[in-house]
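Here is the structure we will look at, set down as structure tokens.
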2 protein chains.
Amino acid sequence: MKLHHLSLLLALPALACAAKAPNPPPPMPPFGLGIHGGAGVILRNEMTPGLEAQYRAKLAEALAAGYAVLDRGGPALDAVTAAINLLEDSPLFNAGKGAVLNADGICELDASIMNGRTLAAGAIAGVHHIKNPINLARDVMEKSAHVMLTGDGAEIFAQSLGYEMLPNEYFQTEFRRQQLEQARAAEKKPGRKTAALGRFLSSADVSALEHFVREQKYGTVGCVALDRQGNLAAGTSTGGMTNKKFGRVGDAPIIGAGTYASNATCAVSATGWGEFFIRASVAHDISAQMEYLGRSVREAAATTIAKVGKLGGDGGVIALDAKGNIAMEFNSPGMYRAAKISGLPETVAIYGDEARH
Amino acid sequence: MKLHHLSLLLALPALACAAKAPNPPPPMPPFGLGIHGGAGVILRNEMTPGLEAQYRAKLAEALAAGYAVLDRGGPALDAVTAAINLLEDSPLFNAGKGAVLNADGICELDASIMNGRTLAAGAIAGVHHIKNPINLARDVMEKSAHVMLTGDGAEIFAQSLGYEMLPNEYFQTEFRRQQLEQARAAEKKPGRKTAALGRFLSSADVSALEHFVREQKYGTVGCVALDRQGNLAAGTSTGGMTNKKFGRVGDAPIIGAGTYASNATCAVSATGWGEFFIRASVAHDISAQMEYLGRSVREAAATTIAKVGKLGGDGGVIALDAKGNIAMEFNSPGMYRAAKISGLPETVAIYGDEARH
């Protein structure tokens, strides 16, 4: 009887609550990240099972490293640098170690990063001795009065911060040496219109050039992250284009083209034929569609990649909004990519017929 | 009588036309251009009548040169380079001859240009020997496969096109030498927080730095033009920031930040504290508001400059739409500016209380 009374007593508040439609406990805010390792002509029939396994394992490792930062409550910027550092250190991707070689046979690196909470940004272009270019881009953002530093000047800044200057040989790999030799041979081959690469182009040369350039641009890496505090960040790191000349810079170090982040909209990192991504202001255009049209991150990303395609360019983007919705859009045959959002299954993908979000 | 009949006969078609509410002859499509010579702390009480007259005369001369190209049916891109070349060649502005000196005591030049019809773009950063950087940016756009070339590489490209390599002394002026000495003295002065310029900033240093940087950034030049064919183009050229270090690059050579042009929206050239203009993707943001919100060019330009102000930056933009509407918006005390649109009076202005369109 006493027990009966007690259970009735305990049940009463619950009944009262049910009647008042009580507030459920607030849902955990979503967090997570997406990474890419470059877009391009990545086809199953040109891939060996062993190499594919290496790519998937390294993508999963970088994803896990970034996710661990977020899971323990760390900032989105730290997740971005943690994930990108692993990709920079892997010779599989065109960033840091294993970057493509320029026309002088050396690795020349670009990177950028942006903080979605403050719209602070940092970028470096054309460095030769910095192990993890994304870290230097972050130091430009956080420890200088500037957004973009270039060439030797960027490395003098790095030295003043105590960065180790690695010999360029650290970055160079036999695979990239072979790619450069192929590019040089294609340039010299009589009758090959691709000889025009990086020189003066007649419009007749463009279609041949397009094919050539497409084959040379795998592997820029990038990351977009959302932390438990609701802050977004994005970063991109690259070695650019094989056999590049004349201090060519693509979209990777250009804020608004290769990288953009705003808590009000999304974080974006792009990869692809950089010249087209600059002309279309890809990363900012995705943010602008969300801000001005209220489009979803996926619709905005797909629309912008379609614009790039219309201009004649190809590649892809990863974009993440403040609610944890992720887009991985590309118009190339494949894009190395992975994503892990809290409460959702992890994605690791390479080909065009696999998941895009 | 015969004459009377004839005049009646001649009058009849006119009457018939009047009855049918005839189409008036199509109005001449508008054409014209706007230019700027930099935004900053430009105050009447710090200006001499003689110097002011020189500025107004050079702005009018550059405006006339660009307008003449358009008036005879020439392309917007030619008007942009014609106007900017005159501003680059004048020691009054921070571009080409008379550019500010960097920390090494030399002039280091950036420029970019964009074709609104094709969305083609070209940019150079960190060149030391090119008389008219805007022309090299245009050659990058039209004669290379790339959008952006940097440093020595950009000059090797220029040499391959037959550009004369001028000694850096051509660009250097006594006035800029004095500015550099002042900047260096301010850096060294004990207790002056501006010593932090270009070094590592504590947040406490920022307000002092802001004042210092504001005083040092007059004079980036730019042009936006609309030709009789309805094509838009934009260009920007600068020497950057006095005493700049570490290969610092501002917004002037960044497509989407300092320069953007699309026939679908507008042509934009920006000037101001470049770091903030990059972070706000100023030039593309104005275009995006017109594309996605249907805003007028003036409302879009004013909104974006307000965003820059909210971030803590200052400066201005000129923006021209395909109907000949021009905006000259700035949140600094003054901006050297001028505009001439067909059928409208010419504007040449410097201070904040003069015309903005």
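The values are calculated or read from the model by the stated rules, or taken from the named source; none is laboratory data. All values derive from a computational prediction rather than experimental measurement. As a convention, Cβ positions derive from the backbone with ideal geometry for all residues, glycine included, and neighbour counts pool all protein chains shown. The protein model used for the area step is the full one, side chains on, heavy atoms only, and it has no ligands, DNA or RNA in it. Shrake-Rupley method; radii C 1.70, N 1.55, O 1.52, S 1.80 Å.
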Peptide-level mean, for B:280-292, of C-beta atoms on other protein chains within 10 Å: 6
Shortest-first distances to equivalent copies, position B:Glu61, nm, label 7 Å out along Cβ: 6.3
Heavy atoms of A:Lys307 accessible to a 1.4 Å probe, total area in Å² rounded to 10: 60 Å²
Ordering of A:122-128, B:175-181 by packing [mean C-beta count within 10 Å, highest first]: A:122-128, B:175-181
Solvent-accessible surface (1.4 angstrom probe) belonging to B:Glu174, in square angstrom, nearest 10: 120 Å²
With all protein chains modelled, accessible area of A:Lys244 [1.4 Å, Å²]: 10 Å²
Cβ-derived FRET efficiency at R0 60 Å, B:Arg72 paired with A:Ala64, nearest 0.05: 0.40
Label-to-label distance, nm, for residues given as A:Lys323 and B:Asp353 (7 Å Cα→Cβ offset): 5.1 nm
Peptide-level mean, for B:111-120, of C-beta atoms on other protein chains within 10 Å: 2
Average other protein chain Cβ within 10 Å of Cβ, residues A:123-134: 2
Highest average packing first - A:151-160, A:321-330, Cβ atoms within 10 Å: A:321-330, A:151-160
Out-of-range pairs (alpha-carbon distance over 28 Å; input A:Lys245/A:Lys340; A:Lys131/B:Lys245; A:Lys307/B:Lys323): A:Lys245/A:Lys340
Extreme residue, positive dipole direction of chain A, given options A:Ala257, A:His146, A:Pro30 (C-beta unit charges): A:Pro30
Cα-based helix-to-principal-axis angle, A:174-188 vs chain A, degrees rounded to 10: 50 degrees
Normalised per residue, the volume of the convex hull around the Cα set of the protein assembly as shown (Å³): 251 Å³
Virtual spin-label span in nm between A:Glu346 and A:Met165, 7 Å along Cα→Cβ: 4.0 nm
Surface share of carbon and sulfur [accessible, 1.4 angstrom probe, percent] for the protein assembly as shown: 58 percent
Using a 7 Å Cα-to-Cβ projection, B:Ser342 label spacings across copies, nm, ascending: 6.0
Cβ-vector label at 7 Å, B:Thr48, separations to other copies in nm: 7.6
Rounded tilt (10° steps) of B:151-160 against the dominant C-alpha axis of chain B: 50 degrees
0 to 90° range, to nearest 10: angle between helix A:133-143 axis and chain A longest Cα axis: 60 degrees
Relative contact order (%) - chain B, alpha-carbon pairs under 8 angstrom, separation at least six: 24 percent
Cα-Cα over 21 Å, subset of B:Lys188/B:Lys310; B:Lys58/B:Lys97; A:Lys58/A:Lys97; A:Lys143/B:Lys188: B:Lys188/B:Lys310
Gain upon complete extension [B:Arg44, B:Asn23; 0.36 nm per residue less C-alpha separation]: 2.5 nm
Where the stretch A:287-357 is the region considered: accessible area per residue in Å², 1.4 Å probe: 36 Å²
